[in-house]
Amino acid sequence: MSTEKYNKEQIRNRMLKYAAAFWGIKKAENFDPIVKLLLEALSNEIYMLGEDFTAIETRLLEKTARILTPDILTSPFPAHGIVHAYPIEPCYLITRESGMYYESDSLTRKLSTGSVSFYPACDTLLHKADVKYMVCDDLLYRIAPTLEKTMIARAEIRMPPRTVWLGMAVDESISDLEDFSFYLDFPNLTESYEYLLLLPCTEWSVEGKTVVMEGGIHEKTTIQKEPTRAFFQDYDVMSVIDKEVMDIYSKHFLKVSQSFPLDGSCRKNLPDTLRSCFKEAVLEKMQDKLVWVKIQFPAHFTAEVLEELHAGINIVPVENKTLHEQTTTLEETFRVIPLRTGSYESLLSVHSVKDSDGKNYHELLYPAKDSTESYGTYSIRKGGCERFDSRSAKELLGYLSDLLDDETHAFNAVSSIKLQALTIQMEQLMAQMKQTADNMNEFRETPYYLMIDELSGKGQITV
């Protein structure tokens, strides 16, 4: 196929050349005006037909490239952050399906939903405990839920260097520190990365007893029964995104890897080594029984660095995403489900597909010899089935505006006053149409479609 492209003038000149040779006319100027007008109209239609063929080739190439490209390379990457949660129960398992929502008046003015949803990037445990106080570099801080520190007292005696105490309010029903995850950060340091890498070198203790720590957050892992499904699940889009998010925040976490029982001797308002450092007025204000964790940092951590330390527990890495659920009734002859997304939303992945009979559907076929589970398969395609919508309307208005802008200049040479007045009105209407097209700024991505490969008769599909 030739890759050479011709504009309207080139097509018209070639048609005039062949017509002159066919009819034996030496000069193109000798053509009848009606014939020239017909050839010009035909050349314009041929040019538009060629543009349509080019658009078809482009769509075919894009669709082929989209199918051959791994999903993780074309999938959007959600915004991420951390959330500080406090459970009601002594121990609560928060999973990837546990949605958390943030609402405010400013979001209501900016977003149609009025809220932002977050989902954890891992399954972890929350404990009914919280860090209330921190002692660092001769200063006693009160810790807010946002991990911000407020100085409330200064020690009268010099404390050991590179040592930090965390005072935790732990519920009486909790008798062990195992599986506790501590979050440490230096948000105001530009070179915080090198300090975060040294956190596993810190030494932790409670009342002189060593607490064994490991890097990373405590995660609850589920073991797949079928090894084939477990292998492909590691390459699922959401699994890869969760791993990338966890790699960003894992260096901030240290977890208690071994059992550390708590008894009455571990709960004090201040450690014995710190009671002589503060005035009696400070001791009288601190009446809560706290579990004080001592952290000894390596020599690389100076007093200026530890002053920027923020610490807490029950911190969870989260991703900005929303779980949508839709139920569609399918016919046996048409098994395509449009996956609807809102304005400024992008499809990340399909969590689960199930029909009205309780049959599960998966994107890949997982054959198992001894398995009695019956399931179907589905495939996801982007675009190609959508009807005329706002995106098409904006493109069509832009094309019509350009076309009118090109052709209206031909009427300016006409001496008719009435025709010139109509031309002015047409230009005013074109300006309004351009403004309307520019205001159509609603962003919606090309819709995705879920195609069910196997479905007997009618049925309802829940996605």
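Each reported figure results from applying straightforward, stated rules to the coordinates on display, with no laboratory input. Computed from a predicted structure; not experimentally measured. Virtual Cβ from ideal backbone geometry, glycine too; neighbours counted across all protein chains shown.
How do the peptides 314-323, 275-284 rank, highest first, by the average count of neighbouring beta carbon atoms within 10 Å per residue? Walk me through the numbers on the way to the answer.
Working: 314-323: 20.3, 275-284: 13.2.
The packing order, highest mean first, is 314-323, 275-284.
Mind counting lysine pairs for me in region 1-68? Cα separation below 28 Å, and the two need to be 8 or more apart along the chain or on different chains.
14
With a ≥ b ≥ c taken as the square roots of the eigenvalues of the C-alpha gyration tensor of region 124-319, please select rounded if a/c is under 1.5 and otherwise prolate if a/b is larger than b/c or oblate if it is not?
prolate
What whole number of Å gives the distance from the Cα centroid of region 108-180 to the Cα centroid of region 274-310?
13 Å
Order these peptides, 7-19, 118-130, 51-63, by their mean beta-carbon neighbour count within 10 angstrom, highest first.
The peptides rank, most packed first, as 118-130, 7-19, 51-63.
Between beta-carbons, use under 13 Å as the cut-off and find the net charge around Gly215, counting Lys and Arg +1, Asp and Glu -1.
In short, -1.
Send over the Kirkwood Rh of region 150-228, from the inverse of the averaged 1/r over different Cα pairs, rounded to one decimal Å. Show your work: numbers first, answer last.
Values: mean 1/r = 0.0601 Å⁻¹.
Computed over region 150-228, the radius equals 16.6 Å.
Just need log10 I(q)/I(0) for region 234-377 at q = 0.19 Å⁻¹, Debye formula, equal scatterers on the alpha-carbon atoms, no solvent, rounded to two decimals.
Calculated log10 I(q)/I(0) at the listed q: -1.39.
For the pair Asp32 and Ile248, how long in nm is the line joining their label points, each one 7 Å along Cα→Cβ?
Spacing of the two 7 Å Cα→Cβ label points: 7.2 nm.
What is the sum of charges, Lys and Arg at +1 and Asp and Glu at -1, for the other residues whose Cβ falls under 15 Å from the Cβ of Phe31?
Values: positive: Arg12, Arg14, Lys17, Lys26, Lys27, Lys36; negative: Glu29, Asp32, Glu40.
Residues near Phe31 contribute +3 overall.
Each label point is 7 Å from the Cα along the Cα-to-Cβ direction; what then is the distance between the points at Glu214 and Met430, in nm?
7.1 nm
Give the span of region 1-68's Cα atoms along each principal axis, as three whole-Å numbers ordered largest to smallest.
Here the Cα extents, ordered largest to smallest, are 55, 19, 15 Å.
Net charge around Thr163, counting only other residues with Cβ within less than 11 Å of its Cβ (Lys, Arg = +1; Asp, Glu = -1)?
-1
Over region 124-319, what relative contact order in percent results from Cα pairs under 8 Å that are six or more residues apart?
On the way: 345 pairs, mean separation 71.9, N = 196.
It comes to 37 percent, rounded to a whole number.
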